[in-house]
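Chemist: Before anything else, here's the structure in question.
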């Protein structure tokens, strides 16, 4: 057990499997695509679980019934840019997520299917200095995922139908990485893979085609993050709060 007077251990240097659980198509790419690119390059098998289809997004008059399928396709294409081929969608309504037992069960199911050592999700805490990071759907998915990690996925008596009807044994996740967290304590240097992150972001045409200097905006944001968390000058970072859960 870690003493309250000692720093917690750092994240694992490498894991075999990671699961990224985010609310909308493009969430993982804005906050974490560079990090994912470093993981897949190192041989980690990464799965994306996107809770909604993003049908409430977009900036033009695309019919609503077309937006969800468009954004699913964009996310699949974006995932491929950083080496991810397993992309799953739960199909919950965009902008209307609630903290429910059904959502916890559905995330727990995928955790038991994928059996990841690491889960990446959004922080359930509101980030007052960056209110845009604290979309209600993001916080709901973060809290739901944490509840799925502990106790649901590891407890064989939680959602017993997952074991009885689907044969999904309990699974314990070792660590959770929380993005857009007000208490980020771990920076990933993504400078050398940033082109892959930008390629992924450009795939989300329904969301970013109206942004005149997307790469400049995101680069400035990541440079500030790197500086804040102690990377050498000019390096680009994505930041996370790493929570040990095993």
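Chemist: Does residue 10 meet the test of being surrounded by fewer than 24 Cβ atoms within 10 Å (Cβ to Cβ), assigned to a loop (DSSP other than H, G, I, E, B) and touching a strand residue (DSSP E or B) at 6+ places or on another chain (Cβ under 8 Å)?
Modeler: Working: surrounded by fewer than 24 Cβ atoms within 10 Å (Cβ to Cβ): yes; assigned to a loop (DSSP other than H, G, I, E, B): yes; touching a strand residue (DSSP E or B) at 6+ places or on another chain (Cβ under 8 Å): yes.
Yes, satisfied.
Chemist: Enumerate the pairs (first residue in region 214-227 and farther than 18 Å from residue 192 by Cβ; second residue anywhere and in a helix (DSSP H, G or I)) with beta-carbon separation below 7 Å, excluding pairs fewer than 6 apart on the same chain, so at least 6 apart or on different chains.
Modeler: 214/201; 214/208
Chemist: Just to be sure before I move on: is residue 148 within 30 Å of residue 68 (Cα to Cα) and either more than 14 Å from the chain's Cα centre (by Cα) or in a helix (DSSP H, G or I) (or both) in the structure I sent? Don't jump to the end; show me each part of the working.
Modeler: Working: within 30 Å of residue 68 (Cα to Cα): yes; either more than 14 Å from the chain's Cα centre (by Cα) or in a helix (DSSP H, G or I) (or both): yes.
Against the criterion (within 30 Å of residue 68 (Cα to Cα) and either more than 14 Å from the chain's Cα centre (by Cα) or in a helix (DSSP H, G or I) (or both)), residue 148 qualifies.
Chemist: While we're on this one: Scan region 218-245 for residues that are closer than 26 Å to residue 145 by Cα and over 19 Å from the mean Cα position of the chain (by Cα) and jot them down.
Modeler: 229
Chemist: Right, here's the next one. Could you please find all residues in region 116-132 being buried (at least 20 other Cβ atoms within 10 Å of the Cβ) and in a loop (DSSP other than H, G, I, E, B)? Give the derivation first.
Modeler: At the first step, the residues of region 116-132 found to be buried (at least 20 other Cβ atoms within 10 Å of the Cβ) are 116, 118-123.
Passing the criteria: 116, 123.
Chemist: Is it the case that residue 185 is touching a helix residue (DSSP H, G or I) at 6+ places or on another chain (Cβ under 7 Å), closer than 30 Å to residue 107 by Cβ and surrounded by fewer than 19 Cβ atoms within 10 Å (Cβ to Cβ)?
Modeler: On the way: touching a helix residue (DSSP H, G or I) at 6+ places or on another chain (Cβ under 7 Å): no; closer than 30 Å to residue 107 by Cβ: yes; surrounded by fewer than 19 Cβ atoms within 10 Å (Cβ to Cβ): yes.
Here the answer is no, as residue 185 does not meet what is asked.
Chemist: Something else: Of all residues in region 134-172, which are touching a residue at least 60 places away in the same chain (Cβ under 8 Å), more than 17 Å from residue 52 (Cβ to Cβ) and touching a helix residue (DSSP H, G or I) at 6+ places or on another chain (Cβ under 9 Å)?
Modeler: 149, 171, 172
Chemist: Is at least one residue of region 104-123 out of contact with any helix residue (DSSP H, G or I) (no Cβ under 9 Å at 6 or more places or on another chain) and farther than 16 Å from residue 17 by Cα?
Modeler: No, because not a single residue in region 104-123 is out of contact with any helix residue (DSSP H, G or I) (no Cβ under 9 Å at 6 or more places or on another chain) and farther than 16 Å from residue 17 by Cα.
Chemist: Just checking, how many residues over region 222-242 are farther than 11 Å from residue 191 by Cβ and in contact with a helix residue (DSSP H, G or I) (Cβ under 8 Å, 6 or more places away or on another chain)?
Modeler: Our first condition is that a residue be farther than 11 Å from residue 191 by Cβ; within region 222-242, this holds for 224-225, 227-230, 233, 239-242.
Filter again for in contact with a helix residue (DSSP H, G or I) (Cβ under 8 Å, 6 or more places away or on another chain), leaving 233, 239-240.
Residues in region 222-242 being farther than 11 Å from residue 191 by Cβ and in contact with a helix residue (DSSP H, G or I) (Cβ under 8 Å, 6 or more places away or on another chain): 3 in total.
Chemist: Can you confirm whether residue 114 is touching a strand residue (DSSP E or B) at 6+ places or on another chain (Cβ under 7 Å), over 27 Å from residue 208 (Cβ atoms) and in contact (Cβ under 8 Å) with a residue 60 or more places away in the chain?
Modeler: Details: touching a strand residue (DSSP E or B) at 6+ places or on another chain (Cβ under 7 Å): yes; over 27 Å from residue 208 (Cβ atoms): yes; in contact (Cβ under 8 Å) with a residue 60 or more places away in the chain: yes.
The answer is yes for residue 114.
Chemist: Also, quick follow-up: Only one of these conditions is not met by residue 203: (1) more than 20 Å from the chain's Cα centre (by Cα); (2) surrounded by 15 or more Cβ atoms within 10 Å (Cβ to Cβ); (3) more than 20 Å from residue 143 (Cα to Cα). Which number is it?
Modeler: The one condition residue 203 does not meet is (1).
Read-outs throughout are calculated quantities, based only on the coordinates presented, and are distinct from any laboratory measurement. It should be emphasised that the depicted structure is a prediction, and the values quoted were computed from it without experimental measurement. No Cβ is skipped: glycine too gets one built from the backbone with ideal geometry, and neighbour counts run over all protein chains shown.
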